[in-house]
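A quick write-up on the structure given underneath.
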Amino acid sequence: MSYLEKLRKSREKSQVAYAEFALHTKKGKDGLFCFFEGNDNAYYVPRIKRFTDNYYPINCGGRDKVLEVYRLITIHAEYDKYKKAFFIDRDFNEPLPPHNPPIFETPCYSIENFYASVDVFKEILKNELHLSEVSDEAFQVCISLFTQRQQEFHQATILINAWYACLIDIRNKTGNQTGVNLVDKLPKDFIHFTLDSVVQKYDCETIKHKFPQALEVPEDILNIKLDEFTSCEQYKTFRGKYEMEFLVTIIEQILQDSSNAQKYIKHKIKFTFGDKLSNEQAISLFSVYAETPETLNDYLILLHSKDS
């Protein structure tokens, strides 16, 4: 599928989401209508259900599609009476200005970043891999591996993150499309990831070869972004799907080591779901352990207060 065809398909998603909402209202449904990017409802729904069980999840596609559905709904005054919640990732964009009705925007890159901290990893070790923080040596070994490899992972991915962030900046300033449609995982062979180390295997020329249709990023602009990304909270700032890829990969490699080489983990760790996970599976499976920002709690409390 060409880049233009993908754009056309994404536009269709917003129309379908809007039509689904309109159909709900025609059938007299009354509850909280929740508009999500992709499959983000796996993260949001357990948090929404703390406040209400009367909700309707609607998948819009990407960030721009949620905003397009928001526009389609808010231009019709007859929809003002319905309770609505809109959830988007910030990505590499500037924060949205205040909207009425309000929109929730992640304070980090995306929901996947809520899974990427060492504290979340500790919860996964304790509750999914069943390692004791006080009696299992493997627990501390895993924490050490996570912190060391994550630091190396960030060093190895800072270039592609900075480059893509520059593309978003250029797009937002000029209106030109980036020419890039990133998938969930890093391009094959961009890094070499083992429990021993994470090594960068690409450079600017590799990126240009991989994404020949991408906008040109001036070297001075890229260097400014690299400086900015060197001193930020990287697990929150970098592209969330890559952060989730790190989490999934290190869990897989820990499980494989415990089953085979036992170089780091000296006994087999049992994991109900085997030793292979997709990003989407991880979002659902580990949702209960993921961070919940105060801004999200505030947003849901505000919606609940209007419902009372």
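The values are calculated or read from the model by the stated rules, or taken from the named source; none is laboratory data. Please read all numbers here as calculations on a predicted model, not as lab measurements. Using ideal geometry, Cβ is built from the backbone for each residue, glycine included, and neighbour counts are taken over all protein chains shown.
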Matching residues, segment 73-110, being of a type outside the set (S, T, N, Q), farther than 21 Å from Lys49 by Cα and not in a loop (DSSP other than H, G, I, E, B): Ile73, Ala77, Glu78, Tyr79
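For segment 33-52, name all the residues that are in contact (Cβ under 8 Å) with a residue 24 or more places away in the chain and assigned to a loop (DSSP other than H, G, I, E, B).
Of everything in segment 33-52, those that are in contact (Cβ under 8 Å) with a residue 24 or more places away in the chain and assigned to a loop (DSSP other than H, G, I, E, B) turn out to be Gly38, Asn39, Asp40, Arg50, Phe51, Thr52.
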Output for segment 178-196, where each listed residue is at positive phi and either touching a residue at least 40 places away in the same chain (Cβ under 8 Å) or in contact with a Pro (Cβ under 7 Å, 6 or more places away or on another chain) (or both): Gly179
Which numbered condition Leu4 fails, given (1) modelled with pLDDT of 95 or more; (2) more than 30 Å from Gln234 (Cβ to Cβ): (1)
Total residues in segment 264-308, condition assigned to a loop (DSSP other than H, G, I, E, B), in contact with a helix residue (DSSP H, G or I) (Cβ under 7 Å, 6 or more places away or on another chain) and closer than 19 Å to Cys108 by Cβ: 4
Yes/no for Glu252 being part of a loop (DSSP other than H, G, I, E, B), closer than 17 Å to Phe121 by Cβ and out of contact with any His (no Cβ under 8 Å at 6 or more places or on another chain): no
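Is it true that Ala261 is farther than 30 Å from Cys34 by Cα, in contact (Cβ under 8 Å) with a residue 40 or more places away in the chain, among the small types (Gly, Ala, Ser) and part of a loop (DSSP other than H, G, I, E, B)?
Numbers: farther than 30 Å from Cys34 by Cα: yes; in contact (Cβ under 8 Å) with a residue 40 or more places away in the chain: no; among the small types (Gly, Ala, Ser): yes; part of a loop (DSSP other than H, G, I, E, B): yes.
When the stated conditions are applied, Ala261 does not pass them.
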